[in-house]
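Step one of this worksheet: look at the structure below.
The values are calculated or read from the model by the stated rules, or taken from the named source; none is laboratory data. Bear in mind the structure is a predicted one, so any value in this text is a computation, not a measurement. Neighbour counts are summed over all protein chains in view; Cβ atoms, including those assigned to glycine, are modelled from backbone coordinates with ideal geometry.
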Ligand SMILES: N[C@@H](CC=O)C(=O)O
């Protein structure tokens with residue numbers, strides 16, 4: 001596992017995969033199936049994995065955290081960069097930060113609070129958690145004005161934050177005044193697009209963000225990595241063509257629940273068995289929706305294999 005400090009090259013090298021987390025029937029961690037998914041991503045050229053929302057870390061207990069970190073450390077390939085997540089609430093994040101200190105992950109992401117937070121309080125929380133973890137954190141900006149752009153800039157200047165996952169969903173991602181204000185304050189090399197393949201044709205060419213995160217990459221790593229390469233080389237038309245492969249699954253995710261649909265898509269594609277979802281989430285049980293997910297996941301995986309040759 002990569003254990004060195006985070007650099008711009010790290011952020012640019014790979015799409016940041018955001019995988020679901022495999023569990024056994026008793027909800028314990030399933031190392032074998034998680035390893036299978038990690039290998040699938042690594043074989044498709046992915047070198048960065050972020051375990052956060054899609055892994056349902058919002059709902060994991062502090063007592064499981066050391067086991068999760070040990071498993072991620074163990075299943076990562078030699079050069080793979082694993083990013084676990086903390087929080088979302090301050091108390092849980094502080095408890096997890098003390099545990100994180102015992103491990104050599106270069107950073108962890110602070111999950112966003114959807115209720116019970118102010119922009120100034122979020123900035124203070126990130127600073128205190130990073131201090132306790134003794135390493136820089138990755139900030140996750142998921143709602144409008146979650147944190148003030150100047151606060152983000154100060155946290156970056158002080159070495160408290162090493163990257164920002166920007167994931168505010170817009171009807172038209174090309175028009176985003178909050179993102180523009182963040183980029184007025186913060187060097188864009190620190191900011192990655194955090195909403196999958198859909199907004200990247202705007203987020204990278206127009207705003208100059210450094211890379212992007214993806215859940216559906218867990219099915220089709222070769223195609224998602226090819227989108228990143230196309231955007232980096234300025235070939236937006238090719239990126240748009242490649243992105244078409246993802247839209248049927250992304251439509252199902254956005255039409256129902258991005259996290260739950262991805263969980264089932266990875267299982268139904270045959271890549272790895274994700275098993276039961278940890279409460280407060282629950283697995284999808286509607287047979288018609290499961291069949292739609294199965295078809296979309298199989299089609300995407302087949303396209304990925306054909307592309308890889
Ligand atoms: N939410 C996006 C990117 C990950 O954070 C996805 O799941 O595709």
task = Would you mind stating whether residue 249 is crowded, with 19+ Cβ neighbours inside 10 Å, part of a helix (DSSP H, G or I), touching a strand residue (DSSP E or B) at 6+ places or on another chain (Cβ under 9 Å) and at pLDDT 95 or above?
result = no
request  = Specify which of the listed residues (11, 72, 21, 49) is assigned to a helix (DSSP H, G or I), within 16 Å of the ligand (Cβ to nearest atom) and surrounded by 18 or more Cβ atoms within 10 Å (Cβ to Cβ).
outcome  = 11
ask   = Just one of 224, 269 is crowded, with 22+ Cβ neighbours inside 10 Å and within 12 Å of the ligand (Cβ to nearest atom); which is it?
value = 224
query = Quick one: is residue 168 touching a strand residue (DSSP E or B) at 6+ places or on another chain (Cβ under 9 Å), within 13 Å of the ligand (Cβ to nearest atom) and in contact (Cβ under 8 Å) with a residue 40 or more places away in the chain?
reply = no
